[in-house]
Amino acid sequence: MTPSAPVALPPASVEGEPRGALAACAAFARHSAAILAVEVRKMLRDPTDLFTRAVQPLLWLLVFGQVFTRTRAIPTGPLSYIEFMAPGVLAQSVLFTAIFYGIGVIWERDLGVVHKLLASPASRTSLVFGKAMAAGIRTVSQAVIIVLLAVIMGVRVRFDPMSLIGVVCAVMLGGALFSTFSLVIACIVKTRDRFMGIGQLLTMPLFFASNAIYPLEMMPRWLRAVAQYNPLTYLVEALRALMVQGGASSAGLPADFAVLMLVFIAFVLLAARLFPGLVR
Amino acid sequence: MRATTSVTTDAPVVRTIALTRRFGSLLAVDALDLTIAAGTIFGLLGSNGAGKTTVIRMLTTLLPPTSGTAEVAGYDIVRDAARVRRHIGYVPQLLSADGALTGYENLLLSARLYDVPRAEQKPRITEALAFMGLDAAAHTLVRTYSGGMVRRLEVAQATLHHPTVLFLDEPTIGLDPIARRAVWERLKQSRQQFAMTMLITTHDMEEAEVLCDSLAIMHSGRIAALGTPAALKGQLGPHATLDDVFVKAAGGSIDQGGGYRDTVRTRSTTARLG
Ligand SMILES: Nc1ncnc2c1ncn2[C@@H]1O[C@H](COP(=O)(O)OP(=O)(O)OP(=O)(O)O)[C@@H](O)[C@H]1O
Ligand SMILES: [Mg+2]
C-alpha cells in the first residue's frame with residue numbers, strides 16, 4: 001500500500017452497457033424512440049405551422065399548375081401538366097420544410113439542450129436518427145393536404161391503400177433525408193445567420209435541378225446530369241409513380257427507394273460524426 | 001452492485017493527467033493534474049474565465065482536450081468516451097431544460113436516454129419532482145418556469161439515473177436561499193444513498209464551505225490553491241475567510257479573460273425566461 005499515490009479506481013461496472021449486437025440495437029431503438037416521442041409531442045403542441053406550410057404548395061398548384069396546363073408548353077406524356085407537377089410540388093414542400101430543420105437544432109444548441117443530449121449515453125447515431133424520424137413524420141401532414149388539393153384540382157389520384165401507404169413512406173423518407181442533410185449543414189456552419197443564408201442558397205438549385213416541375217428530357221444536358229445526382233429527383237419519381245394514375249418511374253420504384261435509403265443512411269452517419277462538433 | 005461502493009474512498013473517481021485545452025492562442029486549461037476521491041463533493045472555484053467550465057466540458061466528453069487526458073469512473077475520456085457517458089450526470093452552466101416540454105417530460109426524456117429501468121422511471125420521476133418542490137408544476141411547460149425552477153429541474157434530471165460522477169456547473173446560480181438549500185440537500189442525499197462523487201463549480205463561498213469536502217481554486221487554467229475549506233483558511237491565519245483565500249489565490253484583480261461569452265449567454269437565457 002502506498003497511501004501517497006492513490007490507486008486508480010477499477011472501471012465502474014458496466015451493467016447498463018449493451019452487450020452484443022442485439023442489445024446494441026435495442027438501445028438504439030429505445031434512444032431513438034425517446035427522441036422521436038418528445039419531438040412529436042412538441043409538434044402536436046404547436047400544429048399551426050403544419051398548416052401554414054400548405055399555403056405555398058397551394059399557390060404553386062393553383063397558379064403555376066393552371067397556367068402551364070393551359071399553355072401545354074411542357075411535354076408530360078400521358079399525364080396532364082397538373083398531374084405531372086402535383087407530385088413534384090409535394091416533393092418540393094417536403095424539401096422546403098426539411099431543409100430548415102437544422103436551424104431548430106442550432107437554436108437548441110444555443111439553449112444548451114444539445115449539450116445534455118450529447119453528454120448522455122445515447123449514441124450520436126440514435127439521436128440523429130430519432131430527430132430524422134420526427135422530421136419525417138412532420139411531412140405526413142403536408143402529404144395529406146397536398147393530395148387532397150390535387151384531388152380537388154382534378155388530378156386522378158391513386159386511392160388504393162398500397163399506393164397511399166407508399167406515398168406516406170416516400171414522403172417520410174424524403175423528409176428524413178433532407179432534414180438530416182440540413183443537420184449536416186447546421187453542424188458545419190454552426191450559427192443561425194449563416195445557416196439561413198446557406199439554406200436559402202441551396203433550396204432553389206435543389207428544386208430546379210430536379211424533375212419536380214419539368215421532365216428530365218427537357219433539360220439541357222448539364223442540368224440533366226446534375227439532376228441525376230439530386231436525391232429530390234428520385235423522390236419525385238417515386239411519388240409520381242405512387243400518387244398519380246398513369247404515372248410511372250423511369251428507374252422503377254425499388255431503385256428510387258434504394259437510392260433515397262442509401263443517401264439517407266449516408267447522411268445519418270455523416271451527421272452523427274459531425275453532431276458533437278456543434279457544441280465545441 | 002456498483003463497483004464504486006466496494007472501493008476505499010481514497011481511490012480517485014476522477015483523475016486528470018496534464019489535461020490541457022487551448023482555444024487558438026488562449027490557454028484555457030493548462031496541464032491540470034487533479035484527483036477527486038470517490039464519494040466526495042469537490043468544489044472548483046475561480047474567477048470568470050479561469051477555465052472551470054472548460055474542465056467540465058472535457059470531463060463530460062463534450063470537448064476533446066488539446067493534450068493530456070483524464071479518467072472518469074475508470075475510463076479514459078478520449079479513448080472510452082462512450083463508456084464515460086454511461087457513468088456521469090451533467091448540469092450545464094446554461095439553463096438547458098427544454099422549454100417546449102413540461103417538467104415531467106424533461107425528466108422522462110432523461111430517464112429514457114440514461115436507461116433508467118422502465119419500471120423505475122415513474123417512481124423516480126415522482127420522487128425527484130417532490131423532492132425538488134416541483135410537483136405542482138410538473139405538467140406545465142418549462143418555458144413558463146422561473147430560472148430557479150429550471151435549475152432545480154435540471155438537478156433532478158441529472159441525478160435521476162444515479163450516476164457514478166455528477167458534474168454541476170454553477171448549479172445554484174440565481175436560486176433563492178430556500179431553493180439553494182433544497183439543491184444542497186438533494187446533492188448530499190444522492191451522495192449518501194448512491195455514493196455519488198460530485199464536481200461542482202461555484203462563485204458562492206457559502207456553498208463551497210457548506211457543501212464541498214475539498215476545494216480547488218483555479219486561476220488562468222491552473223490550480224492556485226487546493227485543500228479542504230478548513231485547511232485553506234487555516235493557511236491564511238485564524239480569522240481568514242474563504243473570501244480571503246479566493247482573493248489571494250485568484251490574484252486579487254479582475255481577470256481579463258473570458259466572461260463575456262458566458263455573460264452574453266446568461267443574458268440571453270434570462271431573456272428567454274422573461
Ligand atoms: N468555445 C470557446 N472558444 C474560444 N474561447 C473559449 C471557448 N470556451 C471558453 N473559452 C475561453 O476559455 C477561457 C475559460 O473559459 P471558461 O468558460 O472555462 O471559464 P469559467 O471558469 O467557467 O468562467 P465563469 O466563471 O465565467 O463561468 C475563457 O477565457 C473563455 O473566453
Ligand atoms: Mg463557467
key: Index of the failed condition, residue A:156 passing every other in (1) touching an Asp or Glu at 6+ places or on another chain (Cβ under 8 Å); (2) within 14 Å of chain B (Cβ to nearest Cβ); (3) open to solvent by 30 Å² or more (accessible area, probe 1.4 Å)   = (2)
ask   = Do any residues in segment B:201-213 that are over 13 Å from residue B:173 (Cα atoms) have Cβ atoms under 8 Å from those of residues that are in a loop (DSSP other than H, G, I, E, B) and more than 16 Å from ligand 2 (Cβ to nearest atom), where the two are at least six apart or on different chains, and which pairs are they?
value = B:213/B:40; B:213/B:228
query = Only one residue in B:68, B:89 is in contact (Cβ under 8 Å) with a residue 40 or more places away in the chain, within 11 Å of chain A (Cβ to nearest Cβ) and not in a loop (DSSP other than H, G, I, E, B). Which one?
reply = B:89
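Just give me the residues in segment B:13-55 being assigned to a loop (DSSP other than H, G, I, E, B) and more than 16 Å from ligand 1 (Cβ to nearest atom), in sequence order. Write out each step before concluding.
We begin by selecting, within segment B:13-55, every residue assigned to a loop (DSSP other than H, G, I, E, B); these are B:24-25, B:38-40, B:47-51.
Scanning segment B:13-55 gives B:38, B:39, B:40.
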query = Yes or no: residue A:186 open to solvent by less than 60 Å² (accessible area, probe 1.4 Å) and over 20 Å from the mean Cα position of the chain (by Cα)?
reply = no
query = Here are some residues: B:26, B:44, B:62. Which one is within 15 Å of ligand 2 (Cβ to nearest atom), more than 10 Å from chain A (Cβ to nearest Cβ) and either free of Cβ contacts under 8 Å to residues at least 24 places away in the same chain or touching a Ser or Thr at 6+ places or on another chain (Cβ under 6 Å) (or both)?
reply = B:44
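Listed here are the residues, each with its yes/no results for (1) open to solvent by 60 Å² or more (accessible area, probe 1.4 Å); (2) at pLDDT below 90; (3) within 15 Å of ligand 1 (Cβ to nearest atom); (4) more than 14 Å from every other protein chain (Cβ to nearest Cβ).
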position: B:189; (1), (2), (3), (4): no, no, no, yes
position: B:207; (1), (2), (3), (4): no, no, yes, yes
position: B:211; (1), (2), (3), (4): no, no, no, yes
position: B:237; (1), (2), (3), (4): no, yes, no, yes
position: B:243; (1), (2), (3), (4): yes, yes, no, yes
position: B:249; (1), (2), (3), (4): no, yes, yes, yes
position: B:267; (1), (2), (3), (4): yes, yes, yes, no
position: B:273; (1), (2), (3), (4): no, yes, no, no
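Pull up segment B:71-86, narrow it to residues that are of a type outside the set (D, E, K, R) and away from chain A (no Cβ under 11 Å), then point me to the one that is least open to solvent (accessible area, probe 1.4 Å).
Keep residues of segment B:71-86 that are of a type outside the set (D, E, K, R), which gives B:72-75, B:77-78, B:81-82, B:84.
Imposing the further condition that a residue be away from chain A (no Cβ under 11 Å) reduces the set to B:77-78.
Values: B:77: 9, B:78: 84 Å².
Only one residue fits best here, namely B:77.
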ask   = Condition test on residue A:141, is it farther than 30 Å from residue B:160 by Cα, of a type in the set (Ser, Thr, Tyr) and either in contact (Cβ under 8 Å) with a residue 40 or more places away in the chain or part of a helix (DSSP H, G or I) (or both)?
value = yes
task = Select from segment B:98-110 the residues that are within 8 Å of another protein chain (Cβ to nearest Cβ) and touching a residue at least 24 places away in the same chain (Cβ under 8 Å) and write down the one among them that is surrounded by the most Cβ atoms within 10 Å (Cβ to Cβ).
result = B:110
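The values are calculated or read from the model by the stated rules, or taken from the named source; none is laboratory data. Owing to the predicted nature of the structure, the values given are computational and were not obtained by experimental measurement. Note that we place each Cβ from the backbone using ideal geometry, even for glycine, and neighbour counts take in every protein chain shown. What goes into the accessible areas is simple: the full protein's heavy atoms, side chains included, and nothing from ligands, DNA or RNA. Shrake-Rupley method; radii C 1.70, N 1.55, O 1.52, S 1.80 Å.
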